[in-house]
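Written out below as structure tokens is the structure these notes cover.
The values are calculated or read from the model by the stated rules, or taken from the named source; none is laboratory data. It should be emphasised that the depicted structure is a prediction, and the values quoted were computed from it without experimental measurement. As a convention, Cβ positions derive from the backbone with ideal geometry for all residues, glycine included, and neighbour counts pool all protein chains shown.
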Amino acid sequence: MEVAVGESRIETVAVHGGERRPGPDGAVVFPIYQSTVYSVPPGTAYHDLSYIRLNSTPSQAYLHDKLAALEGTEAALATASGMAAITTALHSVLRTGDHLLVGNCLYGGTHDFLTEHAADFGWDVTFIDPQRPETWAARPNTRAILVESIANPLMRVGKLREVAEFARRNGLVSLIDNTFATPVNFRPAEIGFDLVLHSATKYLNGHSDIVAGAITGRAEHVERARTTANHFGGSLDPHAGFLLARGLKTLALRVGAQNASASALAEFLAARPEIREVNYPGLASHPDHAHAAELFSGFGGMLSVRLAGGEAAARALIDALEIPYDAPSLGGVESLITRPAATSHAGMSREAREALGITDDLVRISVGIEHTEDLIADFTRALSRI
Ligand SMILES: *Cc1c(COP(=O)(O)O)cnc(C)c1O
């Protein structure tokens with residue numbers, strides 16, 4: 001029996017969603033089934049064999065139910081990484097000759113995948129401005145639209161309701177990378193997105209100790225993605241899946257703390273003379289604040305700042321901080337800080353970077369679950385030294 005969590009709040013869903021009651025042999029924690037393959041009942045079809053790559057083992061079925069409960073979708077699929085989720089989802093939707101609309105500010109890996117490989121698959125890609133619905137146009141061969149709920153590193157929030165509506169009106173499959181917002185702050189399926197994707201490496205797992213991804217959505221879409229995943233092979237290992245399920249149980253607590261600390265830190269930094277600009281959708285000064293406030297129940301744990309003293313001040317700030325690690329990932333319990341021009345976006349030309357607002361003085365912060373006052377004290381000390 002699976003526990004009913006339909007009317008529960010996200011904290012309760014995180015703990016009890018997808019759980020088996022009672023668990024195998026009465027286990028309160030669903031165990032790791034570290035078995036590649038399972039005995040075959042007569043008449044089993046290929047995609048229904050229990051085999052890790054086929055995403056059909058007990059550990060995987062449990063994790064899928066938990067992920068679907070959190071995003072409020074019919075079904076979910078875990079993948080070996082966030083990029084496996086994105087590439088698998090796109091391959092499950094697009095055929096040669098299809099046209100894809102994508103947001104113009106994308107995670108670097110997604111951007112590079114599309115610019116370097118889409119043409120090989122015969123996909124025609126058009127970058128759109130997710131803030132300006134009046135500029136979006138579908139063609140007869142347009143099949144899908146892909147955006148991010150909060151786009152890195154300026155934390156831009158597109159007109160997401162309009163994206164889902166545009167997709168519905170034009171018969172497109174709508175996909176959204178919800179890594180930064182998390183289902184705690186935003187559940188895109190509720191406003192009509194067909195496929196909700198995650199780098200579970202980040203907030204969903206939350207402990208910076210695995211790489212994983214998730215595809216959630218309506219059953220027919222996820223089933224097609226599962227068949228694609230079975231063929232492409234980017235399936236999640238049961239041990240990483242166990243750690244992900246464990247991390248999911250504290251998702252709401254972690255993200256709640258991260259929302260609160262990031263808001264406080266953003267306001268603190270906005271008032272400091274050493275900081276020229278703070279990019280956080282929770283601030284009234286953010287260009288997307290109004291529609292972000294309408295879409296989200298929290299603004300997340302990610303922010304970025306530009307330093308009044310330029311690149312040298314940005315480097316000095318990172319060096320002077322004691323709590324955050326200088327590392328480019330995000331979403332874990334420990335705060336991380338990075339200069340995107342030197343890490344996540346280092347592969348782009350300076351010109352392309354600056355067109356996206358990724359200047360050399362920009363610093364991105366992933367706020368962890370340390371005490372807010374300790375983080376602010378660390379920034380106070382570090383800013384006084386740059
Ligand atoms: C990290 C990230 C990805 C890629 O995830 P991996 O788990 O590293 O493959 C995709 N989208 C966003 C928004 C990310 O932050």
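Just one of Gly310, Gly331, Gly347 is surrounded by fewer than 19 Cβ atoms within 10 Å (Cβ to Cβ), out of contact with any Pro (no Cβ under 9 Å at 6 or more places or on another chain) and on the phi > 0 side of the Ramachandran plot; which is it?
Exactly one residue qualifies, and that residue is Gly310.
Could you run through the stretch 218-233 and say how many residues are within 16 Å of the ligand (Cβ to nearest atom) and either assigned to a helix (DSSP H, G or I) or surrounded by 19 or more Cβ atoms within 10 Å (Cβ to Cβ) (or both)?
Going through the stretch 218-233 one residue at a time, the tally reaches 3.
Looking at (1) away from the ligand (no atom under 16 Å from the Cβ); (2) in contact (Cβ under 8 Å) with a residue 40 or more places away in the chain; (3) crowded, with 18+ Cβ neighbours inside 10 Å, which is the one condition that is false for Thr87?
Just one mismatch for Thr87, condition (1).
Among the residues of the stretch 323-352, what is the count of those that are within 15 Å of Glu311 (Cβ to Cβ) and either assigned to a loop (DSSP other than H, G, I, E, B) or of a type in the set (A, V, I, L, M) (or both)?
The number of residues fulfilling the criteria is 7.
In the stretch 278-296, what residues are among the hydroxyl-bearing types (Ser, Thr, Tyr) and surrounded by fewer than 20 Cβ atoms within 10 Å (Cβ to Cβ)?
Correct list: Ser285 only.
Residue under question is Val163, and the condition is that it be under 22 Å from the mean Cα position of the chain (by Cα), in the same structural domain as Val37 (by TED's automatic domain parsing) and not in a helix (DSSP H, G or I); does it hold?
Taking the combined requirement at face value, the residue does not satisfy it.
When you look at Ala144, is it of a type outside the set (D, E, K, R), within 20 Å of Val93 (Cβ to Cβ), crowded, with 21+ Cβ neighbours inside 10 Å and modelled with pLDDT of 95 or more, yes or no?
Against the criterion (of a type outside the set (D, E, K, R), within 20 Å of Val93 (Cβ to Cβ), crowded, with 21+ Cβ neighbours inside 10 Å and modelled with pLDDT of 95 or more), Ala144 qualifies.
Can you name the residue in the stretch 97-110 that is over 24 Å from Glu134 (Cβ atoms) and within 15 Å of the ligand (Cβ to nearest atom) and is also nearest to the chain's Cα centre (by Cα) among such residues?
Tyr107
Considering Ile210, Ile215, which residue is of a type in the set (A, V, I, L, M) and part of a loop (DSSP other than H, G, I, E, B)?
Going through Ile210, Ile215 in turn, just one is of a type in the set (A, V, I, L, M) and part of a loop (DSSP other than H, G, I, E, B): Ile210.
So which residues in the stretch 105-120 are crowded, with 16+ Cβ neighbours inside 10 Å and of a type in the set (A, V, I, L, M, F, W, C), if there are any at all?
Cys105, Leu106, Phe113, Leu114, Ala118
Just to be sure, is Ile210 in contact with a Pro (Cβ under 9 Å, 6 or more places away or on another chain), within 12 Å of the ligand (Cβ to nearest atom) and at pLDDT 95 or above?
Against the criterion (in contact with a Pro (Cβ under 9 Å, 6 or more places away or on another chain), within 12 Å of the ligand (Cβ to nearest atom) and at pLDDT 95 or above), Ile210 does not qualify.
Any residue that is more than 16 Å from the ligand (Cβ to nearest atom), crowded, with 17+ Cβ neighbours inside 10 Å and of a type in the set (Val, Ile, Thr) - is there at least one of those in the stretch 186-206?
There is no residue in the stretch 186-206 that is more than 16 Å from the ligand (Cβ to nearest atom), crowded, with 17+ Cβ neighbours inside 10 Å and of a type in the set (Val, Ile, Thr).
Can you pull out the residues in the stretch 218-262 that are among the β-branched types (Val, Ile, Thr) and farther than 16 Å from Gly331 by Cβ?
Correct list: Val222, Thr227, Thr228.
Give the number of residues within the stretch 115-172 that are free of Cβ contacts under 8 Å to residues at least 40 places away in the same chain, within 16 Å of the ligand (Cβ to nearest atom) and of a type in the set (D, E, K, R).
1
I'm trying to understand the selection: among the residues of the stretch 174-185, which are more than 16 Å from the ligand (Cβ to nearest atom) and either surrounded by fewer than 24 Cβ atoms within 10 Å (Cβ to Cβ) or part of a helix (DSSP H, G or I) (or both)?
If the condition is that a residue be more than 16 Å from the ligand (Cβ to nearest atom) and either surrounded by fewer than 24 Cβ atoms within 10 Å (Cβ to Cβ) or part of a helix (DSSP H, G or I) (or both), then no residue fits.
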